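The values are calculated or read from the model by the stated rules, or taken from the named source; none is laboratory data. Computed from a predicted model, the values in this text were never measured in an experiment. All Cβ positions, even for glycine, are placed from backbone atoms using ideal geometry, and neighbour counts span all protein chains on display. Surface areas here come from the heavy atoms of the whole protein model, side chains and all, with no ligands, DNA or RNA. Shrake-Rupley method; radii C 1.70, N 1.55, O 1.52, S 1.80 Å.
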Amino acid sequence: MSSVIENLLLRKQKLVEQLEKAPSVEDRDRIEHQLEQINTALDFLDRPGPREGR
């Protein structure tokens, strides 16, 4: 599971760097959308699952 989180964090870092250099509004919108998806995935993975309490 930690490798999934590591990959998401690495992708997020790359997207943030791209966002700083994005030449157009469309590019920034696309990157921001991808960042939202990554944040959602990270939030989901960070929640304790029902099996962890067992």
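Given in Å, the Rg to one decimal and the Dmax to the nearest whole number for the Cα atoms of the chain are 14.0, 50. Once neighbouring chains are kept in place and the probe is 1.4 Å, which whole percent of the accessible area of the chain is contributed by carbon and sulfur? So the carbon and sulfur contribution to the accessible surface is 52 percent. Of the GluC sites (Glu not before Pro) found in the chain, the ones in coil according to DSSP and having at most 15 other Cβ atoms within 10 Å of their Cβ are GLU52.
Against the main long axis of the alpha-carbon atoms of the chain, helix 2-21 sits at an angle near 20°.
Sorting LEU10, LEU19 by solvent-accessible area of protein heavy atoms yields LEU10, LEU19, largest first, with a 1.4 Å probe.
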